[in-house]
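Let me begin by presenting the structure, written as structure tokens, before commenting on it.
Every number here is computed from the coordinates shown, using simple stated rules; none is lab data. Values in this document were obtained by computation on a predicted structure and should not be read as measured data. Counting neighbours? That spans all protein chains shown, and the Cβs are built from the backbone with ideal geometry, glycine included.
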Amino acid sequence: MQGTAKWYHLPQTTFLQKFKQHIAEEVRYLALASTSDTQSSSKQIDKLWPVKGVTVLPRYAITEEQAGKSSNSADLYYLFELGKPLTLQTPVTNVPHRPMKNSMKLTTLTRLESVTVFSEIDKVYEDALV
């Protein structure tokens with residue numbers, strides 16, 4: 001993630017393992033983690049992307065430009081359209097690699113900016129979790 005991402009896609013099944021469906025339309029920012037410069041075994045969050053919109057599409061309808069590669073899969077995906085990223089003053093470290101659902105949390109911008117380690121992020125909106 002060099003800060004140039006305009007799209008982010010995520011399998012609907014992965015999202016729904018963790019959150020209720022309506023949350024996808026309510027997400028305002030995505031904090032996307034990339035492999036840490038200092039610890040290759042974990043990821044870190046350096047930037048936040050404003051979410052301009054989200055649609056649900058079969059994977060084959062998401063273009064190579066949007067996803068990095070094309071696919072023939074009919075599995076449903078969320079496709080997030082992203083705005084220009086904001087850089088966090090202090091990166092959030094120790095974001096787990098796998099499984100992906102372990103690196104997904106609902107929080108607020110203020111709470112994200114107040115921590116340096118992923119496990120310290122306060123979750124919000126507990127009734128939206130599954």
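Quick notes on this structure:
- 222 nm mean residue ellipticity, helices alone, for the chain (DSSP H n ≥ 4; -39,500 (n - 2.57); rounded to 500): -2500 deg cm²/dmol
- Placing unit charges on the Cβ atoms only, positive for Lys and Arg and negative for Asp and Glu, gives the chain a dipole magnitude near 140 debye about its Cα centre.
- Normalised contact order of region 7-128, rounded percent, pairs of Cα under 8 Å and 6 or more residues apart: 28
- Only one residue of Ile23, Thr35, Val51 has its Cα farthest out toward the positive end of the dipole of the chain, where Lys and Arg carry +1 and Asp and Glu -1 on Cβ, and that residue is Thr35.
- Simple spin-label estimate for Asn72 and Ser42 in nanometres, 7 Å along Cα-Cβ: 4.1
- Shape call, region 7-56: gyration tensor on alpha carbons, a/c limit 1.5: prolate
- At R0 = 25 Å, FRET efficiency that the Cβ-Cβ distance of Leu10 and Glu120 yields, to 0.05: 0.60
- Residue among Leu109, Leu30, Leu48 with the largest mean-square fluctuation in a Gaussian network model of the chain, springs linking Cα atoms under 10 Å: Leu109
- Gyration tensor (alpha-carbon) shape descriptor, region 75-119, a/c threshold 1.5: oblate
- Among the trypsin sites (Lys or Arg not before Pro) in region 11-94, those located in a DSSP loop and surrounded by at most 14 other Cβ atoms within 10 Å of their own Cβ are Lys20, Arg28, Lys69.
- Other-chain or far-sequence residues with amide H under 5 Å of Ser36's (modelled H): Ser42, Lys43, Gln44
- Sorting Thr55, Thr107 by the number of Cβ atoms found within 10 Å of their own Cβ, with the fewest placed first, yields Thr55, Thr107.
- Rounded to the nearest Hz, the phi-derived 3J(HN,Hα) couplings of region 14-28 under the Karplus curve 6.51 cos²θ - 1.76 cosθ + 1.60 (θ = phi - 60°) are 5, 4, 6, 5, 10, 10, 6, 3, 5, 4, 4, 7, 9, 5, 9, where x marks glycine and proline.
- Cα centroids of region 1-62 and region 85-118: 12 Å apart.
- Integer Hz, Karplus 6.51/-1.76/1.60 couplings in order for region 58-67, x for Gly and Pro: x, 3, 5, 8, 8, 6, 4, 4, 6, 10
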